[in-house]
1. Pairs to check: A:91/B:78; A:22/B:75; A:42/A:90; A:105/B:75. Give those whose C-alpha atoms are more than 21 Å from each other in this structure.
2. Can you sort B:113, A:87, B:83 by how many other beta carbons sit within 10 Å, fewest first?
3. What does the average come to when, for each residue of peptide A:12-22, you count the partner chain Cβ atoms lying within 10 Å of its Cβ?
4. Arranged by the count of other C-beta atoms within 10 angstrom, fewest first, what order do B:3, A:108 take?
5. How big is the antiparallel share of DSSP beta bridges in the protein assembly as shown, given as a percent to the nearest 5?
6. Where the centroid of each part is defined by its Cα atoms, how far is the stretch A:69-121 from the stretch B:76-107 in Å?
7. If we count every other residue with Cβ under 15 angstrom of residue A:27's Cβ, Lys/Arg +1 and Asp/Glu -1, where does the sum land?
Amino acid sequence: MTRILAVDDSPSMRQMVGVTLKSAGYEVLEACDGQEALALAKGQAAVDLVITDVNMPNMDGITLVRELRALPHYRGVPLLVLTTEASAEKKMEGKAAGATGWVVKPFSPARLLATIARIVS
Amino acid sequence: MQSPAQTSEAAQAIAAAVAQIELAVREVQHPVEQLGQLIDEMSAGLGVLRTARRRSVNPDGVAVFPDDFDRAVDKLQKQVNGSITQLQFYDRLVQHLHHVQDYLSGTAGELASRSTCDPQSTGVWTGLRDRFRTRLISQSQRQVLDAMLPPPGGADFDSEQARGECAAQGSVELF
């Protein structure tokens with residue numbers, strides 16, 4: 001089963017992402033900020049995809065992407081950013097950090113699932 | 001020029017407004033959690049229906065009119081998806097209000113600690129405003145702030161950018 005790590009400091013956002021992913025049969029791990037997500041990743045929690053918010057306390061999403069890319073076992077893992085930020089500058093920052101893609105909130109469940117299916121295939 | 005007493009009252013008034021915002025966000029939290037839970041349960045229920053439909057060797061065991069059943073399930077799924085999309089606007093609202101709270105708290109703090117004739121105060125207000133602006137999450141929010149509190153160099157209103165940002169909601173880009 002494909003395992004996905006969903007990172008967002010908002011409980012309601014984690015819940016909506018979780019509902020969406022579980023409806024498609026994905027297994028979901030959750031983290032409430034970049035720091036918790038990185039600790040999970042370093043603890044060898046193997047995932048097939050990470051979906052992360054940008055604006056989070058303790059560690060933001062762009063920093064998380066950069067830190068995950070530095071881990072040998074996460075170099076090939078797709079890292080999708082899910083954020084309210086829509087500016088070209090922020091997208092470029094995410095791309096430079098190593099993000100696989102950029103989804104602007106509010107996300108459409110159908111579109112997110114289609115994107116994930118494309119990435120993990 | 002305001003007296004220290006007036007400045008202190010203004011600081012207290014702003015602090016009271018901050019507390020009201022915090023209360024409003026707190027009061028809506030439980031109903032939104034309940035709404036999220038209902039969506040979760042509806043989604044799980046749809047999964048159960050689909051599984052029952054797939055496993056049934058006798059379609060009539062699940063539905064007398066299987067095509068109608070499938071259409072109804074698909075329609076319900078679209079409605080659940082729509083609910084998930086709409087609930088995210090609550091998340092945007094909370095984010096926005098937290099930034100407004102922080103800005104007001106900073107403002108109240110400055111009013112309470114400094115007099116308004118302090119020659120350094122202009123820089124402080126600009127700093128608070130600029131910090132608030134960087135945390136706003138849409139061009140619409142930034143434009144409203146620029147209209148109410150113009151930056152020193154004047155505001156540059158770009159309605160195209162605001163429209164573009166609105167159009168970007170829900171967009172997906174793979175690098």
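No value in this document is a laboratory result; all are computed from the given coordinates. The structure presented is a predicted model; accordingly, all values stated were derived computationally and were not measured. Note: ideal-geometry Cβ built from the backbone for every residue, glycine included; neighbour counts use all protein chains shown.
1. Numbers: A:91/B:78 29 Å; A:22/B:75 19 Å; A:42/A:90 26 Å; A:105/B:75 23 Å.
From A:91/B:78; A:22/B:75; A:42/A:90; A:105/B:75, over 21 Å: A:91/B:78; A:42/A:90; A:105/B:75.
2. Numbers: B:113 11, A:87 14, B:83 18.
Ordered from fewest to most neighbouring Cβ atoms within 10 Å, B:113, A:87, B:83 come out as B:113, A:87, B:83.
3. Details: counts 11, 8, 1, 9, 10, 2, 3, 13, 6, 0, 4.
The per-residue average across the peptide is 6.
4. The most exposed by this proxy come first: B:3, A:108.
5. Working: 3 of 19 bridges.
Counting DSSP beta bridges with both partners in the protein assembly as shown, the antiparallel share is about 15 percent.
6. For the stretch A:69-121 versus the stretch B:76-107, the Cα centre distance is 21 Å.
7. On the way: positive: A:3, A:14, A:22; negative: A:30, A:48.
Local charge sum for residue A:27: +1.
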